[in-house]
Every structure is written in structure tokens, then in C-alpha cells.
Amino acid sequence: MKVLDGLYYSKDHEWVKPEGSHALVGITDHAQLGLGDVVYVELPEEGDEFQAGDPIGVVESVKAASDVYTPIAGKVIRVNGKLIDHPERINQDPYGSWLIELETTDADMEEGLLSPEEYKMWCLEEDE
Amino acid sequence: MDHLHKTAVYPAYGGVGAKIVNFEGWALPLQFEGILAEHQAVRKAAGVFDVSHMGEVEVAGKDASIYLNMLLSNDISRIRDGQTQYSILLNENGGAVDDVMAYRFSGQHYMIVVNAANRYKDIKWMMDHTEGYQVTVSDRSDDVAQLAIQGPKSVDLMRAFIGEEAGKIRFFRFSDSIRIQGVSCLVSRTGYTGEDGFEVYLSPDHAMKLWEDLLEAGKEFGLKPAGLGCRDTLRFEACLPLYGRELTEDITPLEADLEHFVKMEKTDFIGKKALAAQKERGLERKIAGFEIKGRGIPRSGYEIRKNGKKAGRVTTGYYSPTLEKNLGLALVDAGIAAPGNTIEVAIRGKSVPGITVETPFYKKKYQKYLPEPYFS
């Protein structure tokens with residue numbers, strides 16, 4: 001199970017990659033392993049605004065549907081439309097398959113997010 | 001996993017990367033490589049399933065045939081020694097206690113293969129109905145392991161593995177004198193995937209070795225280990241019912257579009273009166289196939305609506321890996337069951353458009369008629 005450095009994580013198994021005043025959001029390797037083969041993705045619209053913790057879409061596998069929550073507040077400036085036709089990319093490359101790009105509004109976005117080490121610990125705790 | 005039943009093959013799962021789940025109290029593989037890869041392997045090459053959790057009931061005695069014809073929807077007198085038959089074990093209301101496969105050894109000796117989930121219910125039901133018949137009903141499930149080899153390459157694989165006799169076992173027939181690795185096995189040309197294939201019944205003592213040896217021998221044919229996940233998506237595409245979804249104590253075989261397996265001309269059988277009455281009145285609801293036209297995956301239990309009004313529920317729904325569409329089976333008002341009816345499906349709070357379609361979604365690839373050399 002891969003956990004990348006340089007990213008922040010949420011307890012719901014999303015990852016955040018800050019890029020200045022923007023950030024990319026996706027789901028983690030742990031999440032895609034738990035889901036199995038992803039066959040369907042629902043993404044928000046450009047311009048949608050969210051608070052931290054709001055549901056922003058859904059990722060579905062053959063057997064299960066999983067809501068995706070944004071760990072940070074912001075306005076959607078881009079969605080990764082390629083995933084609509086190729087949802088399997090989330091399994092193949094979870095950290096390269098960002099779902100949305102947000103213009104962040106939180107001054108201190110990292111607050112409330114987990115570091116890679118904290119996320120690893122969280123996964124171990126959860127799997128017990 | 002400690003409290004769960006395990007099949008004789010269980011120790012071998014780890015070696016092929018099984019993701020294990022609790023299925024009806026059994027620790028079984030949901031998947032190995034992945035549901036989509038395994039599903040595709042069965043459609044294009046072959047997959048092997050450990051289905052040892054299923055139940056096997058031995059029915060023997062002078063009255064075995066007439067007893068079974070009283071309990072089962074189909075007409076067992078139509079099959080010969082060495083033949084199998086699909087049937088519904090009916091309750092008094094015409095609903096299903098289970099759906100089963102009957103294997104006839106002789107007119108006085110049968111094996112009834114039942115769903116794992118219903119094993120104890122079925123045994124009790126069958127034993128409760130032996131009065132007046134010279135018949136014994138025995139639960140042999142613990143003594144029988146079962147592997148299913150399914151897919152277009154199954155025959156080539158089995159011929160390479162056990163010899164020419166494999167190819168001689170015809171569709172819905174079986175041989176109980178097949179020797180595999182010196183072990184006596186029953187092999188039938190049956191399955192639950194819509195593909196050609198075999199089901200192998202043998203002693204649990206040899207099941208794990210057979211599983212491992214099949215996987216080895218199967219490599220050159222593209223054989224993959226396959227789990228419960230693709231077992232459900234495969235049978236769903238072929239529109240084979242799953243007990244608990246398309247058939248229940250409350251859903252009759254007439255409602256489940258299985259009228260072909262109900263032989264009303266039999267003198268008498270449990271549920272006959274109720275089914276005759278249902279047929280006379282006309283069905284109020286029926287299992288229908290549908291396709292989603294909007295975006296979303298229909299799942300079991302989701303509501304079906306017609307013009308905003310409740311008109312049924314989804315019994316099974318999936319993204320279909322072979323057809324690459326979102327499809328579903330649903331128990332709906334009879335008036336909208338025929339193909340071509342627009343419907344709405346309530347998917348996670350949204351009303352998604354769909355349309356009823358012809359079934360089966362995927363045409364079964366059974367080899368019902370074999371080429372010349374295989375008729376002995």
C-alpha cells in the first residue's frame with residue numbers, strides 16, 4: 001500500500017497536493033485497493049464551491065459505491081474529465097489521477113490534514 | 001476469519017492473492033487479480049471457481065423419483081441416468097424455497113445440489129416432506145468439494161488435463177466415473193456463468209491439490225482463479241437468477257420468468273394450486289431486464305419508478321464488463337416488464353432514466369450440440 005511524500009491526507013482516504021493557491025484532490029492507494037476495480041466516477045462542476053468535508057462526487061467499483069469528500073475548502077476550477085471514460089486509471093495510478101483542482105480559500109489549508117506518517121498510522125489503526 | 005467455515009481449498013487462496021470475504025458464514029475469495037480481469041478470463045479463456053461451500057443432498061429409495069417430482073417444479077421423469085436438470089424447490093404458495101440442480105444416477109438415486117445459503121433450510125424442508133414415500137434424504141455437503149471450470153477454453157483444458165473423455169460429457173450430462181489424478185470424480189457439463197464449462201465434484205481430501213494442478217495446467221489456456229465477485233457479474237449478464245434476489249420465498253418462478261422450468265402438466269406438486277391460480281389471474285409483477293440511459297449504476301434494492309410512481313425494485317444491478325453498460329434486473333409491475341418501457345431508477349437520491357430491454361443481456365455460449373467425434 002503506497003503512501004507518497006509531499007502530499008497531505010484525510011481520514012477518509014483522500015489526498016491533497018497543494019500547488020500555491022490551488023490544490024489537487026484524489027483518492028489514495030488504500031482507497032482504491034479497498035474498492036477494487038473502479039468502473040464509474042461522478043465529479044462536480046467547475047465553479048462549485050465546497051467546505052472542508054463536503055461530498056464532491058462518487059467513485060464506484062463493481063461491488064461498491066464510495067462518496068468522495070474534499071478535505072479542504074475551495075472552488076472547483078477544473079475536473080479530471082478523462083476519468084469519466086477511463087475510471088480504471090484510479091486503480092492504475094491513484095496519486096496521478098486527481099479528481100478535482102480547487103482554488104483554495106483556507107488560509108492554513110494543512111490544518112486538519114494528516115502528514116504521510118500520520119496517514120500510515122491511521123491506516124494501520126483502521127485495519128485492525 | 002476464525003469463526004468462518006473454510007473449504008478444503010482455503011489454504012491455497014493466499015498463494016494466488018485472494019481477497020477473502022464472509023459469504024454466508026464461509027471465508028471465500030471475492031476476487032484474486034480483480035473482478036474485471038477474472039470476468040474477462042471466463043468470457044475469453046477460462047476461470048476456475050472453488051464452490052465447495054455449496055450443498056449436496058443425496059436422495060435415494062424406491063420412491064425417489066415420485067418424491068422429487070412432488071417437491072420440484074420441473075418434471076424429473078424427463079431426464080435419464082447421467083443427466084441433470086434445473087428446478088425450483090417450491091413452497092405451498094408457489095414461491096421458491098431454493099433453486100437447485102438435480103443429478104440423476106438412477107430412478108432411485110439422485111444428488112440435489114443446493115445453494116450454500118439455503119443448505120439447512122432445504123434439508124429440513126426435504127426431510128419434512130418424506131412422509132408416505134420410501135425415500136431417504138441425506139446431507140452429503142461436508143463430504144463433497146466442488147470446483148467449477150468455466151469458459152470457452154474449458155473443454156481444451158479439461159481434455160489436456162484428464163483426456164478425451166472430458167469432451168464426451170455433453171451439455172447438462174455428467175459422468176461419475178471420471179478419474180482425475182487417480183481420484184474418482186463426478187464431472188458435469190454445467191455451470192453458472194453463461195459459458196461452456198464443467199463442474200467437478202470430489203472428496204474434499206483432494207480438492208486443494210486439484211485446484212493447484214488445474215491452475216498450473218491451465219496457464220497455457222489462460223486459466224485464472226475466479227472469485228465470488230465475477231461469479232455474480234457473469235451469471236447476471238446471462239440473466240441467470242440468484243436466489244435471494246430474483247427468486248425468494250415470495251417470488252414465484254412464473255414471476256421470475258422461469259415458467260419453462262415449471263411443468264404444470266404434472267399430476268400434482270407442492271405449489272401447483274398456487275401457481276395455477278397465479279397463472280389464471282395473470283401476473284401482477286415480473287422480473288425484467290433494463291438498461292440505464294443516464295449516468296449511474298443501479299444496485300440491488302433501488303426503487304424503480306414509472307412516471308414518478310413506484311413500480312418495482314432492482315433485484316441485481318451492475319456495470320456489465322462484457323457489454324460495457326449499466327444494466328439491471330428488477331421485479332416490476334407486469335405492465336412495464338416487456339422490453340421498450342421507459343422507467344426511472346432512484347440512484348443515490350437522483351432519478352435516472354432507463355428502459356426495459358430483452359433478456360438475456362448476454363447470449364449463453366452453451367455447447368448444446370457437439371460435433372460428430374464426440375458422440376459415442
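Read-outs throughout are calculated quantities, based only on the coordinates presented, and are distinct from any laboratory measurement. None of these values were measured; they are calculated from a predicted model. Ideal geometry is used to build each Cβ from the backbone, glycine not excepted, and the neighbour counts take in all protein chains shown.
Brief remarks on what is shown
- Count of Lys pairs (Cα-Cα under 27 Å; at least 8 positions apart or interchain) in chain A: 14
- Karplus-derived HN-Hα couplings along the stretch B:269-284 (A = 6.51, B = -1.76, C = 1.60, θ = phi - 60°), whole Hz, x at Gly and Pro: 6, 4, x, 4, 4, 5, 6, 4, 5, 5, 5, 4, 5, x, 5, 8
- Full-stretch length increase - residue B:106, residue B:66 - with 0.36 nm per residue and alpha-carbon distance subtracted: 13.1 nm
- DSSP loop trypsin sites (Lys or Arg not before Pro) with at most 16 other Cβ within 10 Å excluded, longest remaining stretch of chain A: A:12-128
- Rg/Rh for chain B, where both radii come from Cα atoms and Rh is the Kirkwood radius: 0.96
- Rg/Rh for the stretch A:21-128, where both radii come from Cα atoms and Rh is the Kirkwood radius: 0.96
- 3J(HN,Hα) along the stretch B:167-182, derived from phi through the Karplus expression 6.51 cos²θ - 1.76 cosθ + 1.60 where θ = phi - 60°, amounts to x, 8, 7, 7, 3, 6, 10, 8, 10, 9, 10, 8, 9, 10, 6, x Hz, with x in place of Gly and Pro.
- At an R0 of 35 angstrom, the distance between the Cβ atoms of residue B:81 and residue B:325 translates into a FRET efficiency of 0.25.
- The label point for residue B:179 and the one for residue B:131, both projected 7 Å from the Cα toward the Cβ, are 4.8 nm apart.
- Paired Rg and Dmax values of the stretch B:213-309, which use every Cα atom, in angstrom: 18.9, 56
- Evaluating 6.51 cos²θ - 1.76 cosθ + 1.60 at θ = phi - 60° for every residue in the stretch B:212-219, the Karplus couplings come out as 5, 5, 5, 4, 5, 5, x, 3 Hz, glycine and proline recorded as x.
- Candidate lysines for bridging to residue B:168, where Cα separation is under 27 Å - those fewer than 8 sequence places away on the same chain excluded: B:44, B:153, B:209, B:219, B:224, B:363, B:364, B:365, B:368
- Farthest positive-ward along the stretch B:212-363 dipole, Cα basis, beta-carbon charges - from B:349, B:289, B:253: B:349
- Along its three principal directions, the equivalent ellipsoid of the stretch B:1-111 from the Cα gyration tensor extends over semi-axes of 34, 17, 14 Å, largest first.
- Taking the Cα centre of the stretch B:206-352 as reference, the dipole from Cβ charges on Lys and Arg (+1) and Asp and Glu (-1) amounts to some 640 debye.
- Basic side chains Lys and Arg get +1 at the Cβ, acidic Asp and Glu get -1 at the Cβ, and with that the dipole of the stretch B:1-105 about its Cα centre reaches some 360 debye.
- Lysines whose Cα lies under 28 Å from that of residue B:124, excluding same-chain neighbours fewer than 8 positions away: B:6, B:62, B:263, B:266, B:272, B:273
- The Cα atoms of the stretch B:137-192 cover 35, 27, 16 Å along the three principal axes, with the biggest extent listed first.
- Taking the helices alone, chain B has a mean residue ellipticity at 222 nm of -6000 deg cm²/dmol, built from -39,500 (n - 2.57) per DSSP H run of at least 4 residues and averaged over all its residues.
- The translational diffusion coefficient of the stretch B:123-241, from Stokes-Einstein at 20 °C and 1.002 mPa s with a Kirkwood hydrodynamic radius over alpha carbon pairs, comes to 136 µm²/s.
- Two-site FRET efficiency, residue B:358 against residue B:215, from Cβ-Cβ distance with R₀ of 45 Å, rounded to 0.05: 0.75
- Over the stretch B:258-318, equivalent-ellipsoid semi-axes from the Cα gyration tensor in Å: 32, 14, 9
- Compactness check for the stretch B:76-149: Cα Rg over 2.2 N^0.38 Å is 1.12.
- Built from the Cα atoms of the protein assembly as shown, the convex hull projects on average onto 26.0 nm², one quarter of its surface area.
- Applying 1/(1 + (r/R0)^6) with r as the Cβ-Cβ distance of residue A:5 and residue A:105 and R0 = 22 angstrom yields a FRET efficiency of 0.30.
- Residue mean of other protein chain beta carbons inside 10 Å, A:34-44: 4
- Chain lengthening between residue B:142 and residue B:305 when straightened (0.36 nm per residue, less Cα-Cα): 54.2 nm
- Within the protein assembly as shown: Cβ-based charge dipole about Cα centre, in debye rounded to nearest 20 (Lys, Arg +1; Asp, Glu -1): 2520 debye
- Of B:68, B:57, B:21, farthest towards positive along the dipole that unit charges on Lys, Arg, Asp, Glu beta carbons give chain B: B:21
- Burial order of peptide ranges B:223-230, B:311-318, B:132-139 (average beta-carbon count within 10 Å, highest first): B:223-230, B:311-318, B:132-139
- For residue B:300, residues with placed amide H under 5 Å, excluding near neighbours: B:317
- Amide H contacts of residue B:56 (H built 1.01 Å from N, under 5 Å, at least 5 apart or other chain): B:114, B:140, B:141
- Kirkwood Rh in Å, taken over the stretch B:311-371 so that all alpha-carbon pairs contribute: 13.3 Å
- The lysines whose alpha-carbon is closer than 16 Å to the alpha-carbon of residue B:350, local same-chain residues fewer than 8 away aside, are B:293, B:306, B:309, B:310.
- Computed over chain A: relative contact order in percent, which uses C-alpha pairs under 8 Å that are six or more apart: 31 percent
- Residue among B:290, B:236, B:161 with the largest mean-square fluctuation in a Gaussian network model of chain B, springs linking Cα atoms under 10 Å: B:161
- For chain B, built as a Gaussian network whose Cα springs stay under 10 Å, the top-fluctuating residue of B:199, B:246, B:216: B:216
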